[in-house]
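Peer 1: This is the structure I want to talk about, given as structure tokens.
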There are 2 protein chains.
Amino acid sequence: MAAPMLQPETLCQVGFVVHDVKATAKKYAEAFGFPVPRIIETPGYDKAKTTVEGKPSEATAKLAFFQTGQLVVELIEPDKTPSVWRDFLDKNGEGVHHIAFRVQDTKATEAALAAEGMPVLQQGLFVDGSGMYTYVDSAAQLGVIVELLEVFKNI
Amino acid sequence: MAAPMLQPETLCQVGFVVHDVKATAKKYAEAFGFPVPRIIETPGYDKAKTTVEGKPSEATAKLAFFQTGQLVVELIEPDKTPSVWRDFLDKNGEGVHHIAFRVQDTKATEAALAAEGMPVLQQGLFVDGSGMYTYVDSAAQLGVIVELLEVFKNI
């Protein structure tokens, strides 16, 4: 491989899937001394442009975020529609679902990972449309799903 | 709860259990452009003073570490002896096993977590004896096992 596909210092998030984001967020808030964060609901395909294995999807999730220095902890409660989150929760139960890296160019990183046998699982826009996320199927190779996070520059 | 039990900015490590640490470390090295790290074998009870649910244990593991800014990624290949690592691998397969926080006082943090229903699962010394680790049973409440890492000051 010519150049590294991911920059280690861009590791920026650890994401958990949970059954009840409100209840788990309360536990985190207690353990870490934070106020309980706002729960954010992601929109459907119309706004989020979510694709699961390349096909448009209405999958949504309720999210909560905590800042911990370099790392954001993300709690995700998926709805019942098939998605990377729902699949993980059904198969593995609650736990760490992904680690996320900031990228400058999703398409280039996605292509480099796909060439190494790590294809895209799910993609979509941020809730406010300010960027996009991409989950890649890296579990067999890296032991975890990797998420690419790109913040759009021209908005 | 009076004071927070954990300081979010002390989040310092994400640990994965894997079947073959050498093979996975090679994949990480390729993906991130690192040299393949040295594999470290942890010693038995005599040196590591490992306890699993309070009882002395000969459980060991092979470890590899990557630095990623604030976060260290730890890859763990457990031996066959029961341990928090082996149990996770047998039940869940490869994946994120724990998130770790630096603490100043293991006993105090351990007591605070135990009082909230998160008792100690496993404890032991670092490979070089320079500190200690403690896994607590926080999976039901926080969706993941929490590890406390204390570096001893007077050595």
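The values are calculated or read from the model by the stated rules, or taken from the named source; none is laboratory data. Source: prediction; values computed, not measured. Using ideal geometry, Cβ is built from the backbone for each residue, glycine included, and neighbour counts are taken over all protein chains shown.
Peer 1: Of everything in the range A:62-83, what is surrounded by fewer than 23 Cβ atoms within 10 Å (Cβ to Cβ), at pLDDT 95 or above and outside any strand (DSSP E or B)? Give them in sequence order.
Peer 2: A:ASP79, A:LYS80, A:THR81, A:PRO82
Peer 1: Kindly evaluate A:GLN104 against the criterion of being assigned to a strand (DSSP E or B), away from every other protein chain (no Cβ under 14 Å), of a type in the set (S, T, N, Q) and within 22 Å of A:LEU6 (Cα to Cα).
Peer 2: Working: assigned to a strand (DSSP E or B): no; away from every other protein chain (no Cβ under 14 Å): yes; of a type in the set (S, T, N, Q): yes; within 22 Å of A:LEU6 (Cα to Cα): yes.
Against the criterion (assigned to a strand (DSSP E or B), away from every other protein chain (no Cβ under 14 Å), of a type in the set (S, T, N, Q) and within 22 Å of A:LEU6 (Cα to Cα)), A:GLN104 does not qualify.
Peer 1: Please name all residue pairs, on different chains or six or more residues apart, with Cβ atoms under 8 Å, provided the first residue is in the range B:1-19 and is more than 8 Å from every other protein chain (Cβ to nearest Cβ) and the second residue is at pLDDT 90 or above and surrounded by fewer than 15 Cβ atoms within 10 Å (Cβ to Cβ).
Peer 2: No pair meets every condition.
Peer 1: Facing another protein chain (nearest Cβ under 7 Å), out of contact with any Leu (no Cβ under 7 Å at 6 or more places or on another chain) and either under 24 Å from B:HIS97 (Cβ atoms) or buried (at least 18 other Cβ atoms within 10 Å of the Cβ) (or both) - does that describe any residue in the range A:40-61? Reasoning before the result, please.
Peer 2: Filtering the range A:40-61 for residues facing another protein chain (nearest Cβ under 7 Å) gives none.
Checked against the condition, which is being facing another protein chain (nearest Cβ under 7 Å), out of contact with any Leu (no Cβ under 7 Å at 6 or more places or on another chain) and either under 24 Å from B:HIS97 (Cβ atoms) or buried (at least 18 other Cβ atoms within 10 Å of the Cβ) (or both), the range A:40-61 yields no hits at all.
Peer 1: State yes or no: is A:LYS91 assigned to a helix (DSSP H, G or I) and more than 8 Å from every other protein chain (Cβ to nearest Cβ)? So that I can check it myself, show each step before the final result.
Peer 2: Numbers: assigned to a helix (DSSP H, G or I): yes; more than 8 Å from every other protein chain (Cβ to nearest Cβ): yes.
It is true that A:LYS91 is assigned to a helix (DSSP H, G or I) and more than 8 Å from every other protein chain (Cβ to nearest Cβ).
Peer 1: Moving to a separate point now. Of the residues A:VAL96, A:VAL120, only one is within 14 Å of chain B (Cβ to nearest Cβ), in contact (Cβ under 8 Å) with a residue 12 or more places away in the chain, surrounded by 17 or more Cβ atoms within 10 Å (Cβ to Cβ) and under 23 Å from B:GLY93 (Cβ atoms); which?
Peer 2: A:VAL96
Peer 1: Within the range B:35-76, which residues are of a type in the set (D, E, K, R), closer than 19 Å to B:GLU94 by Cβ and touching a residue at least 60 places away in the same chain (Cβ under 8 Å)? So that I can check it myself, show each step before the final result.
Peer 2: Of the range B:35-76, the ones of a type in the set (D, E, K, R) are B:38, B:41, B:46-47, B:49, B:53, B:55, B:58, B:62, B:74.
With the extra rule that they be closer than 19 Å to B:GLU94 by Cβ, the set shrinks to B:62, B:74.
Answer for the range B:35-76, where residues must be of a type in the set (D, E, K, R), closer than 19 Å to B:GLU94 by Cβ and touching a residue at least 60 places away in the same chain (Cβ under 8 Å): just B:GLU74.
Peer 1: Also: Identify, please: which residue in the range A:123-136 is closer than 14 Å to A:ILE99 by Cβ and not polar (S, T, N, Q) and is, among those, farthest from the other protein chains (Cβ to nearest Cβ)? Steps first, please.
Peer 2: Taking the range A:123-136 first, the residues closer than 14 Å to A:ILE99 by Cβ are A:133-136.
This time we only want the ones that are not polar (S, T, N, Q), so: A:133, A:135-136.
Details: A:TYR133: 18, A:TYR135: 15, A:VAL136: 11 Å.
The residue in question is A:TYR133.
Peer 1: Hey, another quick one. Do we find a residue being part of a strand (DSSP E or B), free of Cβ contacts under 8 Å to residues at least 24 places away in the same chain and under 15 Å from the mean Cα position of the chain (by Cα) anywhere in the range B:126-142? Show your work before the answer.
Peer 2: Of the range B:126-142, the ones part of a strand (DSSP E or B) are B:131-136.
Filter again for free of Cβ contacts under 8 Å to residues at least 24 places away in the same chain, leaving B:131.
Within this subset, residues satisfying the condition of being under 15 Å from the mean Cα position of the chain (by Cα) are B:131.
Checking the range B:126-142: at least one residue is part of a strand (DSSP E or B), free of Cβ contacts under 8 Å to residues at least 24 places away in the same chain and under 15 Å from the mean Cα position of the chain (by Cα).
Peer 1: While we're on this one: Please go through the range A:15-46 and give me each residue that is aliphatic (A, V, I, L, M) and assigned to a loop (DSSP other than H, G, I, E, B), ordered by number.
Peer 2: Hits for the range A:15-46 are A:VAL18, A:VAL36, A:ILE39.
Peer 1: Among A:PRO37, A:PRO8, which is more than 19 Å from A:LEU148 (Cα to Cα), crowded, with 16+ Cβ neighbours inside 10 Å and more than 12 Å from the chain's Cα centre (by Cα)? Full working, then the answer.
Peer 2: Numbers: A:PRO8 fails: more than 19 Å from A:LEU148 (Cα to Cα).
One residue alone meets the criteria, A:PRO37.
Peer 1: Does A:THR109 qualify as being in contact (Cβ under 8 Å) with a residue 24 or more places away in the chain, outside any strand (DSSP E or B), buried (at least 16 other Cβ atoms within 10 Å of the Cβ) and of a type in the set (Val, Ile, Thr)?
Peer 2: Numbers: in contact (Cβ under 8 Å) with a residue 24 or more places away in the chain: yes; outside any strand (DSSP E or B): yes; buried (at least 16 other Cβ atoms within 10 Å of the Cβ): yes; of a type in the set (Val, Ile, Thr): yes.
The answer is yes for A:THR109.
Peer 1: Another question, then. Starting from residues that are touching a helix residue (DSSP H, G or I) at 6+ places or on another chain (Cβ under 8 Å) and farther than 16 Å from B:GLU74 by Cα, keep the ones in the range B:137-149 and report whichever is farthest from the other protein chains (Cβ to nearest Cβ).
Peer 2: The first filter runs over the range B:137-149 and keeps only residues touching a helix residue (DSSP H, G or I) at 6+ places or on another chain (Cβ under 8 Å), leaving B:138, B:141-143, B:145-146, B:148.
Those left that are additionally farther than 16 Å from B:GLU74 by Cα: B:138, B:141-143.
Details: B:SER138: 8, B:GLN141: 5, B:LEU142: 6, B:GLY143: 4 Å.
Result: B:SER138.
Peer 1: Hey, another quick one. Report, by residue number, each residue of the range A:143-154 that is surrounded by fewer than 20 Cβ atoms within 10 Å (Cβ to Cβ) and either closer than 13 Å to A:MET5 by Cα or under 11 Å from the mean Cα position of the chain (by Cα) (or both).
Peer 2: Answer for the range A:143-154, where residues must be surrounded by fewer than 20 Cβ atoms within 10 Å (Cβ to Cβ) and either closer than 13 Å to A:MET5 by Cα or under 11 Å from the mean Cα position of the chain (by Cα) (or both): just A:LEU149.
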